[in-house]
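Asks: Below you will find the structure I want to go over with you.
The values are calculated or read from the model by the stated rules, or taken from the named source; none is laboratory data. Note that this is a predicted model, so its numbers are computed, not measured. Glycine also receives a Cβ, built like all others from the backbone with ideal geometry; neighbour counts cover every protein chain displayed.
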Amino acid sequence: MIHISDKCRYLFYSGNTDRRKSFHGLAAIVSYQMQCDVLNGDIYIFISKRRNAIKLLGFEPDGFAIFYKRLEKGTFEIPVHDNKSSTITISDNELIFILKGVALKRVKYRPRYSQMPANCV
């Protein structure tokens, strides 16, 4: 089962993907077009040409896992990227926003502190 957490890297394939592709076809895209090692534990994200279907491919210790979602209405948003690279690294929050239908351009992150000040106990 694919879990979404901040401990994992999420790599988005910016090209169009045939919805009929399964484990071997998606793993070939990862290896040959994205130039990544499909066995390294990262999650690879593919969206169909019509943008109404999304697949997540990941390798777990005992084999490949695919998450597949097809929308009855609407489309998935593609993250902003330059056209030079076929791979976009996104955060776990961005992936959740894509799956939930939140517009990525309108998301505003509020500032957070990463460390507590030294004088606080």
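Asks: Evaluate the range 13-29: report whether one residue or more is part of a loop (DSSP other than H, G, I, E, B), closer than 16 Å to residue 77 by Cβ and in contact with a Lys or Arg (Cβ under 8 Å, 6 or more places away or on another chain).
Replies: Within the range 13-29 (the criterion being part of a loop (DSSP other than H, G, I, E, B), closer than 16 Å to residue 77 by Cβ and in contact with a Lys or Arg (Cβ under 8 Å, 6 or more places away or on another chain)), the answer is yes, since at least one residue qualifies.
Asks: So how many residues does the range 81-90 have that are modelled with pLDDT under 90, under 16 Å from residue 56 (Cβ atoms) and not aliphatic (A, V, I, L, M)? Break it down stepwise before answering.
Replies: Kept after step one, since they are modelled with pLDDT under 90, are these residues of the range 81-90: 81-88.
The next check asks that each one be under 16 Å from residue 56 (Cβ atoms); those that pass are 87-88.
Cutting the leftovers down to not aliphatic (A, V, I, L, M) gives us 87.
Number satisfying all stated conditions: 1.
Asks: Provide a single number: the residues in the range 76-95 that are assigned to a loop (DSSP other than H, G, I, E, B) and either within 15 Å of the chain's Cα centre (by Cα) or closer than 15 Å to residue 30 by Cβ (or both). Steps first, please.
Replies: Applying the first criterion (assigned to a loop (DSSP other than H, G, I, E, B)) to the range 76-95 yields 76-86, 91.
From what is left, the residues that are either within 15 Å of the chain's Cα centre (by Cα) or closer than 15 Å to residue 30 by Cβ (or both) are 76-81, 85-86, 91.
Within the range 76-95, residues that are assigned to a loop (DSSP other than H, G, I, E, B) and either within 15 Å of the chain's Cα centre (by Cα) or closer than 15 Å to residue 30 by Cβ (or both) number 9.
Asks: Being among the small types (Gly, Ala, Ser) and under 14 Å from the mean Cα position of the chain (by Cα) is the filter here; which residues of the range 1-52 pass it?
Replies: Hits for the range 1-52 are 5, 14, 15, 41, 48.
Asks: Is it true that residue 100 is exposed (fewer than 14 other Cβ atoms within 10 Å of the Cβ) and among the basic types (Lys, Arg)?
Replies: The answer is yes for residue 100.
Asks: Does the range 63-73 contain at least one residue that is within 19 Å of residue 92 (Cα to Cα), of a type in the set (D, E, K, R) and in a strand (DSSP E or B)?
Replies: Yes, the conditions are met somewhere in the range 63-73.
Asks: In addition: Would you check if residue 23 is of a type outside the set (Lys, Arg), surrounded by 12 or more Cβ atoms within 10 Å (Cβ to Cβ) and farther than 17 Å from residue 98 by Cα?
Replies: yes
Asks: Identify, from the list 66, 47, 78, 54, the residue that is under 19 Å from residue 4 (Cβ atoms) and at pLDDT below 90.
Replies: 78
Asks: Give the residue that is nearest to residue 2 (Cα to Cα), with candidates limited to residues of the range 81-97 that are hydroxyl-bearing (Ser, Thr, Tyr) and surrounded by 14 or more Cβ atoms within 10 Å (Cβ to Cβ).
Replies: So the residue we want is 87.
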